Amino acid sequence: MYKIHAETIIKGNIKDVWAAIADVEHWPAWDPHEEGARLDGPFAAGTKGWSKPKGGPAANWTITKVEQERFWSSESPMPGGKIAGENTFEPLGDGRIRCTRTVVVSGPLVPLFWLHFGRLIKRDMFATWEALEREAARRAATR
């Protein structure tokens, strides 16, 4: 098993942050990590999605849990294993939100995943959070 964990604090309104997160089809418009994405239903547990990260293979995934404006998780199958991600958003007051992401990879491809994608994923987490902060501000300005 291989685990990647990171956290940061961004500024924004949790409603605007969550709106950007739940709008999967528009991830590529603001997230530098995503080339393509779609969700085949509501942003809810059991809904299937697809995304294509820059520099990585496209993946089918399923949302496993959602707590509105607080948490969402997903799983994606890999040969002989899976990749699971948990995303937490904790409003701290004063317009600050603690963002936490944990990715756990299991199965026989863990060493290859670690060598090829491990460092890139953690770096991309921070780039995504910076972009999420900008997207939330853009959404706030347009409502």
* What angle do you read, to the nearest 10 degrees and between 0 and 90, between the alpha-carbon axis of helix 119-142 and the longest principal axis of the chain? -> 30
* Asked: Using a cut-off of 27 Å between alpha-carbon atoms, which lysines can reach residue 82, once sequence neighbours fewer than 8 places away in the same chain are excluded?
  -> 3, 48, 52, 54, 65, 122
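Rg(Cα) of region 2-142 divided by 2.2 N^0.38 Å?
Working: Rg = 14.6 Å, N = 141, 2.2 N^0.38 = 14.4 Å.
Region 2-142 yields a ratio of 1.01.
So what is the calculated 222 nm ellipticity per residue for the chain, using -39500 (n - 2.57) for each DSSP H run with n of 4 or more, over all residues, to the nearest 500 deg cm²/dmol? Walk me through the numbers on the way to the answer.
Working: 4 runs with 41 residues, N = 143.
For the chain, the value works out to -8500 deg cm²/dmol.
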* Using the scaling law 2.2 N^0.38 Å as the reference, what is the normalised Cα Rg of region 64-143? -> 1.31
* Structure fact -> By Cβ neighbour count within 10 Å, fewest first, 105, 66 rank 66, 105
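What order do you get for 78, 1 when you list them from fewest to most C-beta neighbours inside 10 Å? It would help to have the intermediate numbers written out before the result.
Details: 78 17, 1 8.
In order of increasing Cβ crowding within 10 Å: 1, 78.
None of the figures in this text is laboratory data; all of them are computed from the coordinates on show. Fair warning: this is a prediction, and the values are worked out from it, not measured in the lab. Here the Cβ is made from the backbone with ideal geometry for all residues, glycine too, and neighbour counts use every protein chain on show.
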